[in-house]
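Worksheet for the structure shown next.
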Amino acid sequence: MLGRILANFKRYTFLMSQMVSRDFKVKYKRSVLGVLWSLLYPLLQMAVMAVVFSQMFKFRMEGVNYLVYLMTGLVMFNYFSEASNSAMTSIVGNFPLMNKVYIPKYIFPLSKCLFVGINFLLTLIPLFIIILFTGDANTHCVINIYYLCLPFAYLCLFLFTVGLGFILSTISVFLRDIFYIFGIILTMWQYFTPIFYDITILTPQLQKVFYLNPLYHYIDFTRSIILYNTMPSINNWLWCIGTSLFVFIFGCIIFKLKQDKFIYYA
Amino acid sequence: MITVDKVSMKFDLGMEKNFSFKQAFINILSFKKRKKKEYFMALNNVSFNVKKGEVVGLIGSNGAGKSTILKIVSGVMKPTKGKVEVNGVVSPMIELGAGFDLELTARENIYLNGAVMGYSKKFLEEKFDEIVEFSELKDFLDVPVKNFSSGMVAKLAFSIATIVDPEILIVDEILSVGDIKFQEKSKNKMLEMIKGGTTVLFVSHSLEQIKELCTRVIWLEHGEIVKIGDTETICNEYYKKQLG
């Protein structure tokens, strides 16, 4: 079973790479700065949020480099929202193609998540620039040995997003309303994820509710490494791997069960 | 090579209805008894098989289920009932240029569309020059396809689609695209592919082409097989039934 899945996967890697590079070419066609936008965009976005929250609302975090705090959360949430959104629309958007040629359908959401993922890797460059060059004597972050664990959190984020992308794209076939509903959910999600504030400013009850948000754990994982130079707790590891695997597998099952019906709704 | 066993294909015509709150609301207010779901049997208990090297033609009036059969054999659709077994790689020549991205250049599209058709990277790199040559678009390789005329797009698509030596070829009408010169060239290329000893499933409304190419014919009507058999006899019968 696994062997068959892998063989099938291998057969279509070329198509997948073609689709990812297509997205890249189309995205930056006719923009003067091109791929530089992948670096600039999160930087500028962060600058706006930094001004709003640290200057206007006077957010303070003792002993923490606020810019890095903001940026670690922002790059991950940005990945999540963009990838899940484009994965969601990928099936319906490719109906004309699906109607003519046989292509395994999982390729569409997966290639979108990969494409945004490459963009995400580019946004890590400005993140590291900020880690290295900002903060005063007390709050300066240093690169440490635990950085080797960072890919784990990003992998969990990826699996979680792919799984959710499968679920959303399946729903979108039968219920186009999901495009709007999920847009609202994303807005809510952004405020309910501690990106620009710390979870400890909330009441203990509310904190428990926030604990159910997988994104919080992925972000928290990277923050304990980048900001506090510590190994993430066992608890943190388990939450990351548990939520991401659960959503990924659940998404795969839903998608597999329903994919043969997609074509009738095209 | 291709075995189609008791295949039925049911389309739910009610699918579009009751799909929005507005419609649901109207239905509640109108107190009408909800109609039983309407179905349309695109195929009803169809069985046939195609041996290696055979060229089988499908004939029948519009809506008889010919294209549905092609879609089932090429894997685009799964049948509601029954089994389809296909041994070999299918090259569907149903609609060309399905995988084009108009923003990309011709060069980029050759790779993208080739990947959509299931070709490998190595194969495409080897055949790249041949594709370009056949398409007669050498000077426009780095122009975005959106700036192409429709004839040029068709030429490019045709050249990519027909570069393979397919195991199983699925053809929905012989395509002749582009200008007169290219029409002749593309038609010959397709005839060459069909006659080349591969297994072919061929849909056409031109009885002459069917008679010329097919070793066997399946006559479909309303999703059911009317007759299978010798090309000459069935074509004549079909012609009489339709116009006599």
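Just to be sure before I move on: is B:N188 exposed (fewer than 14 other Cβ atoms within 10 Å of the Cβ) and touching a helix residue (DSSP H, G or I) at 6+ places or on another chain (Cβ under 9 Å) in the structure I sent?
No; evaluated as a whole, the condition is false for this residue.
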Check your understanding: Does A:L15 qualify as being within 21 Å of A:F108 (Cα to Cα) and away from chain B (no Cβ under 14 Å)?
Key -> no
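Would you check if B:A64 is farther than 23 Å from B:D12 by Cβ and touching a residue at least 12 places away in the same chain (Cβ under 8 Å)? Steps first, answer last, please.
Numbers: farther than 23 Å from B:D12 by Cβ: no; touching a residue at least 12 places away in the same chain (Cβ under 8 Å): yes.
Judged against the criteria, B:A64 is not a match.
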Practice item. Give, as residue ranges, the helices (runs of 4 or more DSSP H) completely inside region B:32-151 that count at least 1 residues that are within 14 Å of another protein chain (Cβ to nearest Cβ), of a type in the set (D, E, K, R) and under 29 Å from B:T233 (Cα atoms). Key: B:66-74
Review point. When region A:99-122 is examined, which residues are found to be away from chain B (no Cβ under 14 Å) and in contact with a Ser or Thr (Cβ under 8 Å, 6 or more places away or on another chain)?
Key: A:P109, A:K112, A:C113, A:V116, A:N119, A:L122
Review point. Is there a residue being more than 14 Å from chain B (Cβ to nearest Cβ) and within 30 Å of B:A161 (Cα to Cα) anywhere in region A:149-169?
Key: yes
Exercise for review: Assess whether A:V35 counts as being in contact with a helix residue (DSSP H, G or I) (Cβ under 6 Å, 6 or more places away or on another chain), more than 14 Å from every other protein chain (Cβ to nearest Cβ) and surrounded by fewer than 17 Cβ atoms within 10 Å (Cβ to Cβ).
Suggested key: yes
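Would you mind stating whether A:S224 is exposed (fewer than 14 other Cβ atoms within 10 Å of the Cβ) and farther than 27 Å from A:F108 by Cβ? Walk me through how you get there before you give the answer.
Numbers: exposed (fewer than 14 other Cβ atoms within 10 Å of the Cβ): no; farther than 27 Å from A:F108 by Cβ: yes.
In short, no.
The rows are residues; the columns are (1) in contact (Cβ under 8 Å) with a residue 40 or more places away in the chain; (2) under 30 Å from A:R11 (Cβ atoms).
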site	(1), (2)
B:D129	no, yes
B:P144	yes, yes
B:M193	no, yes
B:S204	yes, no
Review point. Could you count how many residues in region B:152-197 are in a loop (DSSP other than H, G, I, E, B), farther than 18 Å from B:I110 by Cα and among the aliphatic types (A, V, I, L, M)?
Key: 2
Check your understanding: Residue check: is A:T170 over 27 Å from A:E62 (Cα atoms), of a type outside the set (A, V, I, L, M, F, W, C) and either surrounded by 19 or more Cβ atoms within 10 Å (Cβ to Cβ) or touching a Lys or Arg at 6+ places or on another chain (Cβ under 7 Å) (or both)?
Key -> yes
Review point. If you take the residues of region A:227-266 that are surrounded by fewer than 16 Cβ atoms within 10 Å (Cβ to Cβ) and of a type in the set (G, A, S), which of them is modelled with the highest pLDDT?
Key: A:G242
Exercise for review: Among what's in region B:123-156 and is within 20 Å of B:S176 (Cβ to Cβ) and of a type in the set (S, T, N, Q), pick the residue that is modelled with the lowest pLDDT.
Suggested key: B:S150
Check your understanding: Which condition number does B:I94 fail, the rest of (1) within 29 Å of A:G93 (Cβ to Cβ); (2) free of Cβ contacts under 8 Å to residues at least 24 places away in the same chain being met?
Key -> (2)
Exercise for review: Scan A:A137, A:A153 and give me the residue that is part of a loop (DSSP other than H, G, I, E, B), of a type in the set (G, A, S) and over 30 Å from A:V92 (Cβ atoms).
Suggested key: A:A137
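Just checking, which of A:R4, A:R60, A:R30 is closer than 21 Å to A:L159 by Cα and of a type outside the set (V, I, T)? Spell out how you get there, then give the answer.
Numbers: A:R60 fails: closer than 21 Å to A:L159 by Cα; A:R30 fails: closer than 21 Å to A:L159 by Cα.
Answer to the check: A:R4.
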Exercise for review: Look at A:S169 and say whether it is at pLDDT 95 or above, within 15 Å of the chain's Cα centre (by Cα) and of a type outside the set (F, W, Y).
Suggested key: no
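The values are calculated or read from the model by the stated rules, or taken from the named source; none is laboratory data. These figures come from a predicted structure and were not determined experimentally. Note that each Cβ is placed from the backbone with ideal geometry, even for glycine, and that neighbours are counted across all protein chains shown.
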